[in-house]
Amino acid sequence: MELPQKLAILADAAKYDASCASSGAERKNSLGSPGSKAVGSTGGAGICHSYTPDGRCVSLLKVLLTNQCIYDCHYCINRRSSNVRRARFKPQEVVTLTLDFYKRNLIEGLFLSSGIVRSANHTMEMVIEVARSLRVDHHFRGYIHLKTIPEASPELIEEAGRYADRISINIELPSEEGLAKLAPEKNLARTQNAMGHIRKRMDEHSEEKRDAAMRKKARPAPFATGQSTQMIIGADNSTDHTILKRSCSLYSDYKLRRVYYSGFSPIPEPASVLPIKPPPLVREHRLYQADWLLRYYGFGVDEITDAQAPNLDLDLDPKLSWALRHRGQFPVDINRAPREMLLRVPGLGVRNTERILSARRFTRLRLADLTRLRLAMKKIMPFIETADHNPTLLGLDDDSLRARFLPPPKQMELDFVSPPPTRADRIASTTGEI
Amino acid sequence: MHTVSPPADFADWRNTARALLAAGRHPDEVLWAQPQEAELFGGESKPPKPNKSLTIPKAFIEMARSAAAHRDPRRWALLYELLWRISHKEPHLMALSTDPQLRQAQRWVKAVGRDIHKMHAFVRFRKVGEDELTGRESFVAWYEPDHFILPLGAPFFRERFSNMNWSILTPDACVHWNGMVMEFTAGVDRSKAPDEDSLDELWRTYYRNIFNPARLKVKMMHSQMPKKFWKNLPEAAIIPELVSRSKGQLQAMLNSEERPVKPAPKNAYLQSLHHMNRKALEALDKQEGS
Ligand code: SF4
């Protein structure tokens, strides 16, 4: 098979993995080795070199080494029961593609994953060989993200971590029961166990680095600086509450950098076990917003969803929805309230909260000041008090408040099409601000 | 009224501003000439060099350095006014993001930062040669930034691609790296840059296949990669085709017949997994039962 055809098949096979981040790597670059072939740098904020019409960022060359797979995860196009065309890269082909694209400034690096051939260890060895060749033979200093397999031996995972900036294991579904039904070869406990090992290794590595810096010794051999994971949304009947609970424990127990939520997407080779109707894309978006509230806004899972209302409100962002359910805690005085409370005001993000805290040390803030910060005034006003504004006049207690924020009635839409993003949504989806 | 010719860049502005400040020139007395008026004031002598050193908050200098790269001709005067206020009655000004003038400068900083980021993202190098002896490769890119960001944006490429020769050509200025120094030259027009690269088609193959037609979000793409960039991106040529085909592709997926589950192949590794998973589930059931 020709290279372009392989690339077509193996990129197609990789597109259901949402993660494409290239941030959070240790600082490295190609300077200081003149005459060598060293190429690449990492350590910045991560760059999206293009966007596809699905709105997703193209940052890394994201491919599978092969889409042959002996597993049968029913949501996956590469499962053994699928009749999709199969292909397999030689390690050298991926190496050359990565370097060629990289030198044209098309990508930040490589995200390599693979279907399982023969066994976890055998597959892992092939994946590692690509990373090794890039790092060792070609002095590649760009970003490498390797997908690892929980059942692979700890030595192999360790080796993967030496070459990669990020390693990840997909948790896939939030519960053991869901996995048993939809991914009969996978297992939650084993996955978490492997994540635990990786976390331990990363902790040790940063310890070694600190130690080396203190004693002015040589830096220890590199090791990946982050792990992330992906959960598939809407393939089983897990509620948002279950999903967010799982995320919380992933963040705290394994110090994950990111949990990606990937709305189950229709695939060309559907399985009989799966729902044919995918979840609305907006559910995925709401989960990302809730995830942000948990990590940066001081919310607890049980405040956002609970047993009575286990799913997020699809019509309103989770912070606004929370505020409407807790009107007793508003209005918040912009000139006096503590940071924690400012962060709970709908429409007020982390950065603007900082600006407000800093400015109010010198002046009493008025509405015009907030307008100048370009805040979403219509959203904020019912929830705040300033030197010249008190929202009781706007009718904060009015039950119609919720109605004011609901999106206008839509025309009939096919379920899989999400409503077009508003400007605020776009900002939220890039910055995560709500 | 004291007229000064427009600064060439930030360093130039800084020298002028320091001198004006030292001479006690209130911002209202200073007229920063526009570039097109420059020759009118060509003979203007520079104000005397300041003799006392000023301490100016670092945050201001950082901000001014970025804002200076903005294309807005009002930037020099506004930056001087901010400097004046900070060094006179308002040393805390940098904390007041609600101040209209500071806000304006911060907005310029943001626009410049975004412009630099987009340049790092959307510059496309095209290979123009390879040294027969050393194998060192040469690349050229054409780019059209919104602001005067080339000096701020170029060091990134030096760090990343120090072992290639490369040039980035823009209408305002060009930068060239030969492994030793970064050299800046005058701007050129587009015809000086190559249009194609032998890898364009392979890149489009990747782009076409990494796109998921079941999740069309065209507006999101537009907001992150506005149309003005498309003409210099090899992959953008196939966007219309990808969008128009996606509906049919999705319908085909939804209509396609479900595939039955195939039995597991005889593979010892697979059998061991199934065995472990059965045990785990049994344990879970027992736990829930008790
Ligand atoms: S292991 Fe499962 S998710 Fe991964 S490629 Fe195979 S079938 Fe797909």
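The values are calculated or read from the model by the stated rules, or taken from the named source; none is laboratory data. All values reported here derive from a predicted model rather than from experimental measurement. Cβ: placed from backbone, ideal geometry, glycine included. Neighbour counts: every protein chain shown. We work out accessible area using only protein heavy atoms, side chains counted, and drop any ligands, DNA or RNA first. Shrake-Rupley method; radii C 1.70, N 1.55, O 1.52, S 1.80 Å.
Conditions (1) open to solvent by 50 Å² or more (accessible area, probe 1.4 Å); (2) among the β-branched types (Val, Ile, Thr); (3) away from chain B (no Cβ under 12 Å); (4) over 21 Å from the mean Cα position of the chain (by Cα), marked per residue:
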position	(1), (2), (3), (4)
A:Tyr163	no, no, yes, yes
A:Ile169	no, yes, yes, no
A:Glu172	no, no, yes, no
A:Glu176	no, no, no, yes
A:Leu182	no, no, no, yes
A:Lys209	yes, no, yes, yes
A:Ala218	yes, no, yes, yes
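Residues that are at the interface with chain B (Cβ under 9 Å from one of its Cβ atoms), in contact with a strand residue (DSSP E or B) (Cβ under 8 Å, 6 or more places away or on another chain) and not in a loop (DSSP other than H, G, I, E, B) within the range A:1-41 comprise A:Leu7, A:Leu10, A:Ala11, A:Val39, listed in sequence order.
Of the listed requirements (1) away from every other protein chain (no Cβ under 14 Å); (2) modelled with pLDDT of 95 or more, A:His326 misses just one: (2).
Looking at A:Ile128, A:Ile77, A:Ile107, can you tell me which residue is open to solvent by less than 10 Å² (accessible area, probe 1.4 Å), more than 16 Å from the ligand (Cβ to nearest atom) and in a loop (DSSP other than H, G, I, E, B)?
A:Ile107
Which one of these is among the acidic types (Asp, Glu), away from the ligand (no atom under 16 Å from the Cβ) and assigned by TED's automatic domain parsing to the domain that holds A:His49: A:Glu155, A:Glu185, A:Glu172? Walk me through how you get there before you give the answer.
Details: A:Glu185 fails: away from the ligand (no atom under 16 Å from the Cβ); A:Glu172 fails: away from the ligand (no atom under 16 Å from the Cβ).
Result: A:Glu155 is the single residue among A:Glu155, A:Glu185, A:Glu172 that is among the acidic types (Asp, Glu), away from the ligand (no atom under 16 Å from the Cβ) and assigned by TED's automatic domain parsing to the domain that holds A:His49.
A single member of B:Trp142, B:Trp84 is in contact with a strand residue (DSSP E or B) (Cβ under 6 Å, 6 or more places away or on another chain) and hydrophobic (A, V, I, L, M, F, W, C), and it is B:Trp142. Among residues of the range B:202-231 that are at the interface with chain A (Cβ under 7 Å from one of its Cβ atoms) and under 19 Å from A:Asp17 (Cβ atoms), those with a beta-carbon under 6 Å from a residue that is open to solvent by less than 20 Å² (accessible area, probe 1.4 Å) and acidic (Asp, Glu) at least six positions away or on a different chain give the pairs B:Tyr207/B:Glu235; B:Phe211/A:Asp54; B:Asn212/A:Asp54; B:Arg215/A:Asp54; B:Lys217/A:Asp54.
Within the range A:36-74, the set of residues being open to solvent by less than 10 Å² (accessible area, probe 1.4 Å), β-branched (Val, Ile, Thr) and within 16 Å of the ligand (Cβ to nearest atom) comprises A:Val63, A:Thr66. Just one of the listed residues (A:Ser59, A:Ser23) is small (Gly, Ala, Ser) and touching a residue at least 40 places away in the same chain (Cβ under 8 Å), and it is A:Ser59.
In the range A:55-68, the residue that is nearest to the other protein chains (Cβ to nearest Cβ) out of those that are among the hydrophobic types (A, V, I, L, M, F, W, C) and touching a Gly at 6+ places or on another chain (Cβ under 7 Å) is A:Leu60. Scanning the range A:80-104 for residues that are of a type in the set (Val, Ile, Thr), more than 16 Å from the ligand (Cβ to nearest atom) and open to solvent by less than 40 Å² (accessible area, probe 1.4 Å) returns A:Val94, A:Val95, A:Thr98. Where strands (runs of 3 or more DSSP E) fall entirely within the range B:66-177, those with at least 1 residues that are facing another protein chain (nearest Cβ under 8 Å) and open to solvent by 40 Å² or more (accessible area, probe 1.4 Å) are at B:126-130. Listed by first and then second residue, the pairs with beta-carbon distance under 7 Å, at least 6 apart or on different chains, first residue in the range A:202-229 and without any contact (Cβ under 8 Å) to a residue 60 or more places away in the chain, second open to solvent by 50 Å² or more (accessible area, probe 1.4 Å) and part of a loop (DSSP other than H, G, I, E, B), are A:Lys209/A:Arg219; A:Ala212/A:Ala218; A:Ala212/A:Arg219.
In the range B:111-124, what count of residues is obtained for those that are in contact (Cβ under 8 Å) with a residue 60 or more places away in the chain and under 21 Å from A:Gly43 (Cβ atoms)? Even if it seems obvious, please write down each step before you answer.
First, pick out the residues of the range B:111-124 that are in contact (Cβ under 8 Å) with a residue 60 or more places away in the chain: B:118, B:122, B:124.
Now drop any that are not under 21 Å from A:Gly43 (Cβ atoms), which leaves B:118, B:122.
Counting residues in the range B:111-124 that are in contact (Cβ under 8 Å) with a residue 60 or more places away in the chain and under 21 Å from A:Gly43 (Cβ atoms) gives 2.
For the range B:232-245, the set of residues classified as at the interface with chain A (Cβ under 7 Å from one of its Cβ atoms) and part of a helix (DSSP H, G or I) consists of B:Glu235, B:Ile239, B:Leu242, B:Val243, listed by residue number. Does A:Asp333 satisfy being among the charged types (D, E, K, R) and more than 28 Å from B:Gln106 (Cα to Cα)? The answer is no for A:Asp333. Looking across the range B:123-160, just one residue is of a type in the set (A, V, I, L, M, F, W, C) and in contact with a His (Cβ under 7 Å, 6 or more places away or on another chain), and that is B:Phe156.
Checked against the criterion of being open to solvent by 30 Å² or more (accessible area, probe 1.4 Å) and more than 30 Å from A:Ser81 (Cα to Cα), the candidates A:Arg258, A:Arg286 yield just one match: A:Arg258. Within the range A:43-54, residues that are closer than 19 Å to B:Thr205 by Cβ and facing another protein chain (nearest Cβ under 7 Å) sit with their Cβ atoms under 7 Å from residues that are open to solvent by 20 Å² or more (accessible area, probe 1.4 Å) and in a loop (DSSP other than H, G, I, E, B), at 6+ positions apart or across chains, in these pairs: A:Pro53/B:Leu216; A:Asp54/B:Leu216; A:Asp54/B:Lys217. Taking first residues from the range B:248-259 that are more than 7 Å from chain A (Cβ to nearest Cβ) and partners that are open to solvent by 60 Å² or more (accessible area, probe 1.4 Å), no Cβ contact under 6 Å between residues at least 6 apart in sequence or on separate chains turns up.
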